[in-house]
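Worksheet: the structure to be examined is printed underneath.
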Amino acid sequence: MAKAMAKTKAKTLTAYDRVKIARDAKRPHIFDFIKALCSDFEELHGDRLVNDDRGLVGGFATLGGKDGSSGSPEPLPKDAFRVLILGHNKGSTVEENMASNFGMANPDGYRKAMRLAKLAEKFHVPVVTFVDTPGAYPGDTAEARGQAEAIAKSLEFFAALKTPVVVVITGEGGSGGALAIAVGDKILMLENAVYSVISPEGCAGILWRDGARAPEAAAALKITAPELEKLGAIDEIIPEKNLMANLKKSIVAALKELEKLSVEELLEKRYMKFTEMGRFN
């Protein structure tokens, strides 16, 4: 009975209900995922140009198994992968929220992500990205340092990266700020996450000049996991009951599938994946 009620409740969630769930401050953030999924994590800092943007973090880790420290010379256990983790960082406290700009990365963050991903390519390590941002930071300081150029360059960069990329949309997937680290070979999405070109409030404000119509806009935008799976924009929906176990299983399965491909096959499939989006009968 309880399962049936939970299933009915899930079916009755509106698109805007899922938006509110995706934005919930108690939802797991990047360091929660790292702690649950990885046996070690060594964060790397800075874009080597300006500073270390706390809105987007990254570092090398062992995902999917327990092998002690990152310096262990022992072979990796079964179902474990050395990976580069990249992800938006919203923070879990008010202080962290402010320091990380609520997950809205500056150009420095995207340039840091590209710098670290280049290291992953060099050492033949796959990349796993965690997407959770309202969007890239739109302030004048970000624009002055080349926000649009950094996002555009990141799209181009990840499209041609010669190592597997698995993307996980965990909360808000907001516009170019999300897409900048979401060009990958497998795109996973939590069942209550959202992924859109604009926020429902922004869409309602543009179309109807009425932010109160955000729920209507959310439904029209097709931003939920089930709708995006139907459209072919994502590959798999991750159930949030037993979330971490489900997510680890799906990421490991994706990495196992991708490691069988040559670099040429990997890049060709990635190219076809994104060029096919938007073609409908």
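In Å and whole numbers, how far do the C-alpha atoms of region 182-224 stretch along each principal axis, longest first?
So the extents along the principal axes, rounded to whole Å, are 38, 19, 11.
Once whole DSSP H runs in the chain are found, which of them have Cα atoms spread over 15 Å or more along the helix axis and a mean Kyte-Doolittle score of at least 0.0?
Details: long enough: 107-122 (23 Å, -1.01); 147-159 (18 Å, 0.45); 243-258 (22 Å, 0.73); 263-276 (20 Å, -0.84).
Helices meeting the criterion: 147-159, 243-258.
For the chain, modelled as a Gaussian network with Cα springs under 10 Å, which listed residue fluctuates most, 191, 143, 95?
Taking springs between Cα atoms under 10 Å, the residue moving most is 95.
How much length is gained on full extension from residue 78 to residue 145, taking 0.36 nm per residue of separation minus their Cα-Cα distance?
Working: separation 67, 0.36 × 67 = 24.12 nm, distance 4.39 nm.
Taking 0.36 nm per residue and subtracting the Cα distance, the gain is 19.7 nm.
What Kirkwood Rh does region 233-281 have if only Cα atoms enter the pairwise 1/r average? Answer in Å. Mind dumping the intermediate values first?
On the way: mean 1/r = 0.0783 Å⁻¹.
Computed over Cα pairs of region 233-281, the Kirkwood hydrodynamic radius comes out at 12.8 Å.
Towards the positive end of the charge dipole of the chain, with charges on Cβ (+1 Lys, Arg; -1 Asp, Glu), say which of 57, 141, 33 has the farthest Cα.
Farthest along the dipole direction, towards plus: 33.
Can you give the FRET efficiency to the nearest 0.05 for residue 52 and residue 275, using r as the Cβ-Cβ distance and R₀ = 22 Å? Working shown, then result.
Working: r = 35 Å, r/R0 = 1.58.
The value I calculate is 0.05.
Calculate the length of the line joining the C-alpha centroid of region 119-133 to that of region 178-222, in whole Å.
24 Å
Given a 10 angstrom Cα cut-off, can you work out which residue in 269, 90, 248 is the most mobile in a GNM of the chain?
Highest fluctuation of the listed residues: 269.
Percentage of Cα-Cα pair distances in region 145-278 greater than 23 Å, rounded to whole percent?
Summing the P(r) of region 145-278 above 23 Å gives 40 percent of all pairs.
Please compute the Cα-Cα pair-distance distribution of region 26-149 with 10 Å bins starting at 0, giving whole percents from short to long.
For region 26-149, the binned pair fractions read 14, 42, 31, 11, 2 percent.
With Cβ to Cβ distances under 13 Å as the rule, what net charge do the other residues near residue 174 carry (K, R +1; D, E -1)? Can you show the working numbers first?
On the way: positive: 23, 90; negative: 132, 172, 201.
Value of the local net charge: -1.
How compact is the chain by the rule of thumb for globular proteins, expressed as Cα Rg over 2.2 N^0.38 Å?
Values: Rg = 18.4 Å, N = 281, 2.2 N^0.38 = 18.7 Å.
Rg over 2.2 N^0.38 Å, computed on Cα atoms: 0.98.
Quick check on the chain: helices-only [θ] at 222 nm, where DSSP H runs of length 4 and up contribute -39,500 (n - 2.57) each and the sum goes over total residues. Nearest 500, please. It would help to have the intermediate numbers written out before the result.
Values: 13 runs with 125 residues, N = 281.
Calculated at 222 nm, the ellipticity per residue is -13000 deg cm²/dmol.
At 0.36 nm per residue, minus the direct Cα-Cα distance, what do residue 20 and residue 256 gain on full extension? Give it in nm, one decimal, please.
81.6 nm
I'm a student and want to see the number: the projected area of the Cα convex hull of region 109-205, averaged over all directions, in nm². Could you put the intermediate results ahead of the total?
Working: hull surface 25.5 nm².
That works out to 6.4 nm².
Under a point-charge model restricted to the Cβ atoms of Lys and Arg (+1) and Asp and Glu (-1), what is the dipole moment magnitude of the chain relative to its Cα centre, in debye to the nearest 20?
680 debye
Taking H as built 1.01 Å from N, whose amide H comes closer than 5 Å to the amide H of residue 56, not counting residues under 5 places away?
So residue 56 has HN proximity to 89.
Going by C-beta contacts inside 10 Å, put 17, 108 in order with the fewest on the left. Mind showing how you got there, number by number?
Numbers: 17 14, 108 25.
Going from least to most buried by this count: 17, 108.
Work through the residues other than residue 257 whose Cβ is under 10 Å from its Cβ and net out their charges, Lys, Arg +1 and Asp, Glu -1. Display every interim value, and only then the final one.
Working: positive: 186, 256, 260; negative: 185, 259.
Value of the local net charge: +1.
Could you calculate the contour length gain from residue 119 to residue 13, that is, 0.36 nm times the residue separation minus the distance between their Cα atoms, to one decimal place in nm?
Extending this stretch completely gives an extra 34.0 nm.
For 251, 223, what's the fewest-to-most ordering of other Cβ within 10 Å of each Cβ? List each step's numbers first, then the result.
Values: 251 23, 223 28.
Exposure proxy ranking, most exposed first: 251, 223.
Below 12 angstrom from the Cβ of residue 16, what's the summed charge of the other residues (Lys, Arg +1; Asp, Glu -1)?
Values: positive: 18, 20, 23, 213; negative: 17, 201, 216.
Cβ neighbours under 12 Å give a net charge of +1.
The numbers here are math on the coordinates, done by the rules we state, and not lab data. Since the structure is predicted, the reported quantities are computational estimates derived from the model, not experimental observations. Here Cβ is always computed from backbone atoms with ideal geometry, including for glycine, and neighbour counts include all displayed protein chains.
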